[in-house]
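Worksheet: the structure to be examined is printed underneath.
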Amino acid sequence: MNVRGIALAGGKGIRARPLTLTTPDYVRSKAAMRLAGRSLVEWAVELLRAQGVTDFRVAANGSENRCQTKAILGDGTRLGVSVHYSRPRHDHANTGSGQATLRCLDHWDLNGLALIFPTDSIFDFDLAAMVERHRASGAAVTVATVPRSPAEAAGKYGVLVSGGEGGGEGGGEGGGDGMVSRFAEKPGRDAAERLARGGDLETNAGMYLVDCDALRMAARRPALAELSRHRLDWGGDLLPYLIASGARVASHPIAKFGDLGSPEDFLRTMREVLRDEYPALSERMRPAPSHPRGVRIHESSLNLKDEVSGRSLAEKIRDGDVLIGPNVRVGRDVEIGPGVVLADSDVADGVDIGEGARLHGVACGEHGIIGPRARLSDTVLGAAVRIREAAVLEGFCALGDEVSVHAGVRLHGVSVFPRLEIWSDARVPRGACLANPGDVLRWSHRVA
């Protein structure tokens, strides 16, 4: 099986902010977002390398995406693969993920099979089975799909319809052979329910196994060339064009696909990963399982003594003074005080968790400080976040890097951009987005 990997690294991660910001005005590439100890693009390359893909091309758009992805992957040597990057000069003409793909195929003179995959998601699937389906169907493109209910798909995912509706000009290939006859990009609730006909929908996972030669031939058609000059995204433009022009487009269901495009999606996917619902990730996640109930704790953290009790984490767990689990990953050099309760959470390297703190459903970035008796649930914390004593965060909060939350603050469903400080007298309404110091002052009694 000789398949190249083409990683799509584009966009500015608007929906995932503040997770996709390193400072209030500098974008973190979605590929550089971290989950369970690794960046998303590193997970993707590692999982595909395990299935025999060793030649990767990165179709990047924008300096942040290109430079940050290269800072992680380099030339691929560390991961046992080779990695090449699209030219910066191509960015000015980029009109979408479809156009970026077609340009890469020509620029690198690619032929044979290539897997186009996103760098802002995680997945678990059998590539060999997808290749077999692709070759048996004679398709130009095979789309990886995930079944979702109409409520889940509405307004969020592209939907593929197979059979019976024809393929537009050129005759189409739909009918009873399982080819995709129509593609609906993010249909509304009513349209999604009509397409579902009482069952689940085949939603687009954003991964495409392609015949490079067939796509390059299609790109030479005047109609597609004209489209690409204005806008050519994979889901909204290229797939509908290919189906309408009679190209054979197949679908292939995959085992698991995790969306991380918003704080709520990020936390949902994190919990699935911690519950070992992505077996391929579980095999490679570090540290390895060390305790019952899906608990992974790095040895350095087990041996680390806290300043309050002077005892190691291993001793406190043994004596029942710290409760960890189910489904928790604790990285290197994490200090955990007595009375702490952790469940369904991922704690990155170098974090301090104070006495009596409780975390449930929390993604905690590197080198954060969680103060004594803090209560955190359903919350994402960036790197070097500081949560002081008895603060309460819940309801899908998302705090960017280096945010500071003072003692006693209560936040529910609040997003805070990097490096902002929330004082103890702040009364932030539910669901607010604090993007600058003025937003913080608005909900504080403190005089500026």
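The values are calculated or read from the model by the stated rules, or taken from the named source; none is laboratory data. If you're wondering where the values come from, they're calculated on a predicted model, not measured in any experiment. Here the Cβ positions follow ideal geometry from the backbone for every residue, glycine too, while neighbour counts run over all protein chains shown. Each accessible area value is taken on the protein alone, full model and side chains, heavy atoms only, with ligands, DNA and RNA left out. Shrake-Rupley method; radii C 1.70, N 1.55, O 1.52, S 1.80 Å.
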Query raised in the report: So how far, in whole Å, is the C-alpha centre of the range 376-408 from the one of the range 77-147?
Result: 37 Å
Query - Distance (nanometres) between label positions extended 7 Å along Cα→Cβ at S82 and A136 - result: 3.3 nm
Query raised in the report: What is the projected area of the convex hull of the Cα atoms of the chain, averaged over all directions, in nm²?
Result: 22.4 nm²
Query raised in the report: Rolling a 1.4 angstrom probe over the protein heavy atoms, how many square angstrom per residue are accessible across the range 68-168?
Result: 39 Å²
Query raised in the report: aspartates and glutamates near K70 by alpha-carbon distance under 17 Å, same-chain residues fewer than 8 away left out - which ones?
Result: E42, E46, D55, D91, D120
Report summary line: In whole percent, the fraction of accessible protein surface over the chain that belongs to carbon or sulfur atoms, probe radius 1.4 Å, stands at 48 percent
Requested in this report: Determine the dipole magnitude for the chain: charges of +1 sit on the beta-carbon of Lys and Arg, -1 on that of Asp and Glu, nothing else is charged, the reference point is the Cα centre, and the result goes in debye to the nearest 20.
Outcome: 560 debye
Query raised in the report: Helix-derived [θ] at 222 nm for the chain: sum -39500 (n - 2.57) over DSSP H runs of at least 4, divide by residue count, nearest 500?
Result: -6500 deg cm²/dmol
Query raised in the report: Within straight cross-link reach of K186, meaning Cα distance under 19 Å, which lysines are found once same-chain residues fewer than 8 apart are removed?
Result: K156
Report summary line: At 37 °C in a medium of viscosity 0.692 mPa s, the range 369-410 has a Stokes-Einstein diffusion coefficient, with Rh taken as the Kirkwood radius over alpha carbon pairs, in µm² per second, of 334 µm²/s
Query - Förster radius 25 Å - calculated FRET efficiency between A407 and R268 (Cβ-Cβ, nearest 0.05) - result: 0.25
Query raised in the report: In a GNM of the chain with a 10 Å cut-off on Cα contacts, which of V249, V210, V308 has the highest mean-square fluctuation?
Result: V308
Report summary line: Across R133, R57, R34, the residue with the highest GNM fluctuation in the chain (Cα network, 10 Å cutoff) is R133
Requested in this report: Starting from the Cα of K316, draw a straight line to each of the lysines and keep only those under 26 Å, dropping any in the same chain fewer than 8 residues away.
Outcome: K305
**Report entry** DSSP-loop trypsin sites (Lys or Arg not before Pro) across the range 212-262, with at most 13 other Cβ within 10 angstrom
**Finding:** R220, R231
Query raised in the report: Given R₀ = 22 Å, FRET efficiency for M217-H90 by Cβ-Cβ distance, to 0.05?
Result: 0.60
